[in-house]
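Input: a single structure, listed below in structure tokens.
The values are calculated or read from the model by the stated rules, or taken from the named source; none is laboratory data. Just so we're clear, the structure is a prediction, and the values are computed from it rather than from any experiment. Using ideal geometry, Cβ is built from the backbone for each residue, glycine included, and neighbour counts are taken over all protein chains shown. Ligands, DNA and RNA are stripped out before the accessible areas are found, and what is left, the full protein with its side chains, is counted by its heavy atoms. Shrake-Rupley method; radii C 1.70, N 1.55, O 1.52, S 1.80 Å.
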Amino acid sequence: MAKIPIGLQLYSVREDCARDLPGSLDAVARMGYVAVEFAGYYGRSAQELRKMLDDRGLKCCGTHTGFNTIMGDELPRTIEFNQTLGNRFLIVPGLPEERRKSRAAWLETAQLMNEAAERAAPAGMKVGYHNHGVEFQPMEGELPWDTFFGNAKPEVVMQLDFGNALHGGGNPIPYVERYPGRATTVHLKEYSATNNQALIGEGDVNWQQLFQLCETVGRTEWYIVEQESYAYPPLECVDRCLQNLRKMGK
């Protein structure tokens with residue numbers, strides 16, 4: 001299959017973006033990233049953001065958008081904003097407590113996400129969910145990740161964050177296989193039992209096995225780097241992550 005492109009979750013360099021968004025995007029493009037995923041818009045309109053991306057040859061490979069923004073009357077506005085950005089992936093990065101406090105809550109959330117996915121589909125949009133660690137800690141005899149994705153329709157994107165899963169005590173590898181074709185976008189984040197500032201390629205993640213699964217059963221369209229701990233300035237960290245991925249052949 002074609003080589004999977006690599007984007008950057010801008011949360012990794014959020015303080016740089018808050019100080020100087022155009023300059024940060026310049027740096028990200030120079031590093032060799034081909035896209036960015038937003039987690040906030042720094043007070044800019046969709047039109048302003050799209051021009052910034054276009055001027056630098058960058059694409060938008062996703063937005064992290066609150067659960068409420070894909071519900072009810074908010075969804076059409078969210079779709080319009082993301083159409084302007086050129087983005088197809090509306091990813092919920094976490095849930096309020098009431099949406100995940102019990103197995104019943106997870107089941108209800110899955111149904112609501114199914115409905116949002118159905119409503120977004122005519123606009124060419126996909127909705128999805130991104131994990132932290134709690135999804136891999138047992139609740140009422142089942143992992144919430146399985147409660148949710150076992151009941152969410154295949155159209156709901158499984159944005160598996162490898163590092164977050166390991167931090168939560170889970171192994172991300174079986175989930176790419178268990179839910180084939182659903183890891184449409186994934187977060188590349190390192191995990192190390194001994195170094196909490198490890199960059200991609202410096203920790204315990206079995207990257208080659210994960211890449212092989214993403215590129216076969218996962219049908220992954222985007223690799224998205226996210227770094228949340230910093231042995232160096234954030235922009236240098238994400239640059240080093242990308243260079244380490246290049247050394248792995250990505």
- line: Treating only Lys and Arg (+1) and Asp and Glu (-1) as charged, each at its beta carbon, one finds that the chain has a dipole about its Cα centre, in Debye to the nearest 20, of 580 debye
- prompt: Whole number please: convex hull volume per residue of the Cα set in segment 164-250, in Å³?
  reply: 84 Å³
- prompt: With the dipole of segment 1-154 worked out from charges on the C-beta (+1 for Lys and Arg, -1 for Asp and Glu) around the Cα centre, which of 29, 102, 43 lies farthest toward the positive end?
  reply: 29
- prompt: Given 87, 137, 68, which one lies farthest toward the positive end of the charge dipole of segment 67-162, if we put +1 on the Cβ of every Lys and Arg and -1 on the Cβ of every Asp and Glu?
  reply: 87
- prompt: Extension gain residue 167-residue 114, at 0.36 nm per residue separation less the Cα-Cα distance, in nm?
  reply: 16.3 nm
Value of D in µm² per second that Stokes-Einstein yields for the chain, Kirkwood Rh from Cα pairs, at 25 °C (0.890 mPa s): 134 µm²/s
message: List the aspartates and glutamates whose Cα sits under 18 Å from the Cα of residue 247, skipping any in the same chain fewer than 8 residues away.
response: 190, 202, 204, 215, 226, 236, 239
- prompt: Taking all protein chains as present, what is the carbon and sulfur share of the accessible area of segment 26-151, in % to the nearest whole number, probe 1.4 Å?
  reply: 49 percent
query: Taking the Cα atoms of segment 12-109, what is the range of coordinates along each of the three principal axes, in descending order and whole Å?
result: 46, 25, 22
- request: Whole number in Å², please: accessible area per residue of the chain, 1.4 Å probe, ligands, DNA and RNA not counted.
  value: 43 Å²
query: At 222 nm, what helix-only mean residue ellipticity would the chain give, in deg cm²/dmol to the nearest 500, using -39500 (n - 2.57) for each DSSP H run of four or more?
result: -11500 deg cm²/dmol
query: Over 18 Å between Cα atoms, which of 3/51; 189/250; 101/189 qualify?
result: 3/51; 101/189
- request: Pull up the cross-link candidates among the aspartates and glutamates for residue 153, meaning alpha carbon to alpha carbon under 19 Å and not fewer than 8 places away within one chain.
  value: 108, 115, 118, 135, 142, 177, 221
task: Only bridges with both residues in the chain count here: give the DSSP antiparallel percent, nearest 5.
output: 5 percent
